[in-house]
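Participant: Below you'll find the structure I mean.
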Amino acid sequence: MEILITGVLLGGTYALIALGLTLQYGVARIMNLANGETLVAACFGAWLLFTAAQISPLWGLLIIAPLGFVANGLIYAGLLRPLVRRAVTQGALEVDAILATFGLLFLFEGAMHLIFGGSFFNYQFLAVPFELLGESYALNRVVAFAAAAIISVLLAFFLYRTRFGTAIRAVAVDPDAARLVAIDVEFVALFAFALGGAITACGGALLSTFYTFEASMGGIFMIKALIIVIMGGVGDVRGAVLAALILGVIETLVASLVDPGLTLTATYGLFVTILLFRPQGLFGGAAG
């Protein structure tokens with residue numbers, strides 16, 4: 001039971017990271033390989049706010065999330081939208097977007113290395129025991145999971161209970177059909193890409209409360225987010241959350257019962273398994 005709960009607590013944070021990529025890839029049709037760098041930048045942002053200004057990472061979300069939204073919106077408007085407009089086919093757009101964001105990955109990673117160096121960073125936030133179902137867990141992990149759950153619920157409410165959220169889901173399913181009902185597909189794509197960046201930034205800020213981080217770890221979390229998105233079904237918010245929890249539990253099981261050094265191997269093994277046996281995702285594809 002302890003391993004299961006620990007895995008679920010970790011998976012809750014993973015869910016936010018994956019939800020960000022789900023919005024960017026599922027709606028804007030952009031496989032943003034620099035998504036992990038947004039997470040790392042948010043980790044450093046939360047660390048700076050806490051160590052320099054004594055601002056709690058939870059309150060820091062009110063600063064980090066808007067910055068993530070604006071930064072990703074500018075990336076889409078300045079770099080990716082021209083690629084969208086000139087793309088002859090969806091396949092051509094995906095290739096161009098992958099190449100462009102791959103370059104951004106190295107640009108942002110290099111900038112963070114220049115500013116922070118190659119050292120590992122962490123900070124002490126709510127690093128005290130918390131009793132749950134008779135077992136002791138780190139309070140920072142529990143709080144991070146609770147905050148991630150609240151953000152996920154708010155996102156689900158926005159997507160499934162508001163008019164603009166319905167427009168976002170319509171674009172995710174069929175952009176051409178969405179245009180026929182007067183949806184501004186270009187604006188919706190920009191908004192979804194920016195919102196995905198903000199959600200990922202929230203995940204990074206929460207992750208930093210209990211995870212040791214450094215400037216070059218973005219690629220690892222990008223792979224994890226991609227695995228979750230594929231497992232859950234591209235564009236499917238429900239599937240992304242469930243897949244994130246599954247990945248968190250699997251990593252915790254491997255780390256606890258086998259070897260912590262093999263968690264990445266288990267992640268890649270899960271990725272290959274999903275591609276072979278369930279490439280359409282847990283719920284059979286994109287959400288409607």
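The numbers here are math on the coordinates, done by the rules we state, and not lab data. Computed from a predicted model, the values in this text were never measured in an experiment. All Cβ positions, glycine included, derive from the backbone under ideal geometry; neighbour counts span all protein chains shown.
Participant: Examine the stretch 134-146 for a residue that is in contact (Cβ under 8 Å) with a residue 60 or more places away in the chain, among the polar types (S, T, N, Q) and under 30 Å from LEU48 (Cβ atoms), and state whether such a residue exists.
Facilitator: yes
Participant: For the stretch 14-73, enumerate the residues that are in contact (Cβ under 8 Å) with a residue 24 or more places away in the chain, part of a loop (DSSP other than H, G, I, E, B) and not aliphatic (A, V, I, L, M).
Facilitator: Correct list: ARG29, ASN32, SER56.
Participant: Quick one: count up the residues across the stretch 171-184 that are more than 21 Å from the chain's Cα centre (by Cα), part of a helix (DSSP H, G or I) and either crowded, with 18+ Cβ neighbours inside 10 Å or among the aromatic types (Phe, Trp, Tyr) (or both).
Facilitator: 2
Participant: Give the residue, chosen from VAL40, VAL8, that is of a type in the set (A, V, I, L, M, F, W, C) and buried (at least 24 other Cβ atoms within 10 Å of the Cβ).
Facilitator: Criteria check complete, one pass: VAL40.
Participant: So, one more: crowded, with 24+ Cβ neighbours inside 10 Å and assigned to a helix (DSSP H, G or I): is that true of ILE246 in this structure?
Facilitator: no
Participant: For the stretch 79-106, which positions are in contact (Cβ under 8 Å) with a residue 60 or more places away in the chain, aliphatic (A, V, I, L, M) and surrounded by fewer than 16 Cβ atoms within 10 Å (Cβ to Cβ)?
Facilitator: ILE98
Participant: Please indicate, with yes or no, whether at least one residue in the stretch 52-67 is of a type in the set (S, T, N, Q) and surrounded by fewer than 16 Cβ atoms within 10 Å (Cβ to Cβ).
Facilitator: yes
Participant: Consider the stretch 1-49. How many of its residues are in contact with an Asp or Glu (Cβ under 6 Å, 6 or more places away or on another chain) and basic (Lys, Arg)?
Facilitator: Residues that pass the stated criteria total 0.
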